[in-house]
Amino acid sequence: MKVLVVGNGAREHALGWKLAASPRVHELMSLPGNPGLAELGPVVEGISVTDVGAIAAMARVQLVDLVVVGPEVPLAAGVVDAVAALGIPTFGPSRAAARLESSKGFAKEIMARAGVATALSETFHAIDAVMEHLSTREGPYVVKADGLAAGKGVLVTDDRAEAASWASRWLPEGPIVIEEFLDGPEVSVFAVCTEAGAVPLEPARDYKRLLDGDEGPNTGGMGSYSPVDDLPAGLVEETMSTVIEPTLAAMSEAGQPFLGFLYAGLVLTGQGPKVLEFNVRLGDPETQAILPRLENDLVDVLEGKTPEWSDTASVNVVLAAEGYPEGPVKGSVIDGLAEVPGDVHVFHAGTRRDRRRILVDGGRVLSLVGVGDTMDLARDRAYAAAGMVHWPGMQYRTDVGLQS
């Protein structure tokens, strides 16, 4: 079959790498792709990921057999609806179902109907109401943009004035949500939701803050690892039965059945696991850590086959541009990629090719994924590779995969 991957990040490179390894796939295309995906097959340029009609038309002209959508923006724009309307198999949720991520208020409504444990929250449309609410609460304050914000629409702070200022800046873009602070370790649980039912993928843990020790601003994610060995016994099974399956049932009852990847970001609180957020696609950087551990064919898994996992560990270290996340500096030449050994996966994100050179072209630039029989070995390999790659101002966390 011919497969089209929509997206251009490291998550999409990892998806493309795993799909291209399938004996069922004879050609992998990507739109808009990146230099890493370009090594796997043709890249389609000149079409925006939100131009859903153009994507659907291109898929029909190119006789694509399966479209796999990576990022949230084209899902929220309705690319699955447009492609499926032409009779082309597509993996991902409809525009209506994608509201589980594109509207935090909608996700809270669904969780309330489904009886899913989550943080208490309120949605606000005006700064006066925000100020009144904040004045009656003590920190930490958790303030979120209701819509999509590329992983940056969240502020957690003890400073009431900072929370109010942040809300004031975001309100012109749309509603904001203020919710209670959930204290505890975070973990990501993923499910593949098909017409045959929902099956879990292996959990992963990611690192949202820019700096070591979970300091600095929130980012799209600075690293991840899998497996996560310090989880409560039966957590994945509990999450499937108390979070994923009730949510899918509530979506079906609302006339918006969900098909695709469903990500539950959990906080392991003293009162048990609670949902921090839903994503309607695989997480980035978690995907890059999970897929190297998947032993069977990803195409089969997307069709409902139970995933099979290796006993290996994987550690994903994200290399970011100078100035990320506020204002990444682009254009620097990336050196050292040819020195990275074959036991480390290099997944491209914010890069572009200029003749023979690879340049920085985004905030999160590369994911370096070490794989090994132990977490320590996987971590050592990832960081050894990070020491080989360089450009001016490159930054990364040094504590990814350290388990307390």
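Using every pair of separate Cα atoms, the Kirkwood estimate puts the hydrodynamic radius of segment 83-180 at 14.7 angstrom. Note on K208: lysines with a C-alpha under 30 Å away, same-chain residues under 8 apart excluded, are K18, K104, K108, K144, K152, K274, K330.
For the pair E27 and K305, label points projected 7 Å from Cα toward Cβ lie 2.4 nm apart.
Ellipticity at 222 nm from helices only: DSSP H runs of n ≥ 4 in the chain, each -39500 (n - 2.57), divided by the residue count, give -7000 deg cm²/dmol. A straight line joining the Cα centroids of segment 44-94 and segment 1-26 runs 14 Å. Taken as Cα centroids, segment 135-205 and segment 214-242 sit 15 Å apart, rounded to the nearest whole angstrom. Annotation for N296 and H125: the two label points, set 7 Å from Cα along the Cα-Cβ direction, are 4.8 nm apart. The stretch between R113 and Q271, if pulled fully straight at 0.36 nm per residue, gains 54.9 nm over its current Cα-Cα span.
How much of the pair distance distribution for segment 313-386 lies past 13 Å, counting alpha-carbon pairs only, in percent? Within segment 313-386, distances greater than 13 Å cover 64 percent of Cα pairs. The Rg/Rh ratio of segment 254-336, with both radii computed over alpha carbons and Rh defined as the Kirkwood radius, is 1.06. Start at zero, step by 5 Å, and the Cα-Cα distances of segment 168-294 spread as 2, 10, 17, 21, 20, 16, 9, 4, 1 percent across the bins. Ordered by the count of other Cβ atoms within 10 Å of each Cβ, fewest first, D128, D380 give D128, D380. Here the chain is treated with +1 on each Lys and Arg Cβ and -1 on each Asp and Glu Cβ, and its dipole about the Cα centre works out to around 1160 debye.
Report the antiparallel proportion of the DSSP beta bridges in the chain as a percent, rounded to a multiple of 5. If we restrict to bridges inside the chain, about 80 percent are antiparallel. Exposure proxy shown here: for T90, T136, the number of other Cβ atoms within 10 Å sets the order, fewest to most, as T136, T90.
Toward the positive end of the charge dipole of the chain, with +1 on the Cβ of Lys and Arg and -1 on the Cβ of Asp and Glu, the farthest Cα among A382, S367, V156 is that of S367.
When +1 charges are put on Lys and Arg Cβ atoms and -1 charges on Asp and Glu Cβ atoms, the dipole computed for segment 2-91 relative to its Cα centre reaches about 220 debye. The residues W17, W309, when put in order of fewest to most other Cβ atoms within 10 Å, stand as W309, W17. Within segment 2-91, the proportion of Cα pairs with more than 17 Å between them is 38 percent. Calculate, for D335 and T398, the FRET efficiency according to 1/(1 + (r/R0)^6) with r their C-beta to C-beta distance and R0 22 Å; round to the nearest 0.05. Result of the calculation: an efficiency of 0.65. In this calculation the C-beta distance from S168 to D354 is compared with R0 = 45 Å, giving a FRET efficiency of 0.65. Projecting label points 7 angstrom from Cα along Cα→Cβ for T194 and H133 puts them 4.0 nm apart.
As a test of the definition: which semi-axes, in Å, follow for segment 30-146 when you take the square root of five times each eigenvalue of its alpha carbon gyration tensor? Largest first, please.
Largest first, segment 30-146 gives 38, 16, 12 Å.
The simple Förster model, with R0 at 41 Å and r as the Cβ-Cβ distance, assigns E215 and V43 a FRET efficiency of 0.65.
Computed from the coordinates by the stated procedures, all read-outs in this text should not be read as laboratory data. Here the structure is a predicted model, which is why all the values come from computation and not from measurement. We place every Cβ from the backbone using ideal geometry, glycine too, and count neighbours over all the protein chains shown.
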